[in-house]
Amino acid sequence: MSSKAKTDQFIDQIAEIMREQGMRMTKPRERILRELYEASKPQSAEEIRQNAGFGPSDLVTVYRNLESMLSLGRVQRIILENGTQLFEWVEAEQHHHHIICRHCHHAEPIDFCAAHELESIAQRAGFSEINHVIEVFGTCKACEKEADPAK
Ligand SMILES: [Zn+2]
Ligand SMILES: [Zn+2]
């Protein structure tokens, strides 16, 4: 399948989930989703705005649409140490965490989740609707090399 066909298929899947949840696939949402799906790494709302061809005044629109699509389960938010928010698409039902380079935002998925024990503690404490956010930060090999070419 061509990459265009893959993206189209992704858009169709999301449109279906939207219909089930009473949301509509709008042109701005489709542009954002295409950009998310075709990007090689998580991006900020501002990067998505630029790369998806929105105008300089459209940041709020992009951000609101990203927010509204988090509930679909196919768009995920990553919050960096400094509070910067990045967005990426995820496979259905694929809960995962990341190792993120704090310099270039290169992100590698970690398939393993260490939070089950923590969630059962929350459960025993009587909490419901439990969720967790875990990200691991560091400096990737490429950024380390750039900072110190001798390495
Ligand atoms: Zn890096
Ligand atoms: Zn987890």
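Any read-out appearing in this document is the output of simple, stated calculations on the displayed coordinates, not a laboratory observation. All values reported here derive from a predicted model rather than from experimental measurement. With ideal geometry, Cβ positions are generated from the backbone for all residues, glycine too; neighbour counts draw on all protein chains shown.
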DSSP-assigned coil residues among trypsin sites (Lys or Arg not before Pro) in region 2-99, each with at most 14 further Cβ atoms within 10 Å: R24
Sparse-neighbour loop sites [GluC sites (Glu not before Pro); region 34-124; at most 15 other C-beta within 10 Å; DSSP]: E81, E91, E93
The chain, relative contact order [Cα under 8 Å, separation at least 6], %: 17
Label point distance in nm, H96-L118, each placed 7 Å from Cα along Cα→Cβ: 1.9
Selection from C140, I121, H106, by position along the positive dipole direction of region 95-151 (Cβ): C140
Dipole magnitude (debye, nearest 20) for region 1-117, charges at Cβ of Lys, Arg, Asp, Glu: 460
Segment M25-N82, length gained on full extension (0.36 nm per residue, minus Cα span): 17.3 nm
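If Lys and Arg each add +1 and Asp and Glu each add -1, what is the summed charge of the other residues whose beta carbon sits under 11 Å from the beta carbon of E30?
Result for the neighbourhood of E30: +2.
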Computed FRET value (nearest 0.05) for N131 with E46, which takes r as the C-beta separation and R₀ as 30 Å: 0.70
Antiparallel DSSP beta bridges within the chain, percent to nearest 5: 75
Fewest-first ranking of H96, H116, using other Cβ atoms within 10 Å as the exposure measure: H116, H96
Neighbour-limited loop hits for chymotrypsin sites (Phe, Trp or Tyr not before Pro), region 43-125 (at most 14 other Cβ within 10 Å; DSSP other than H, G, I, E, B): F112
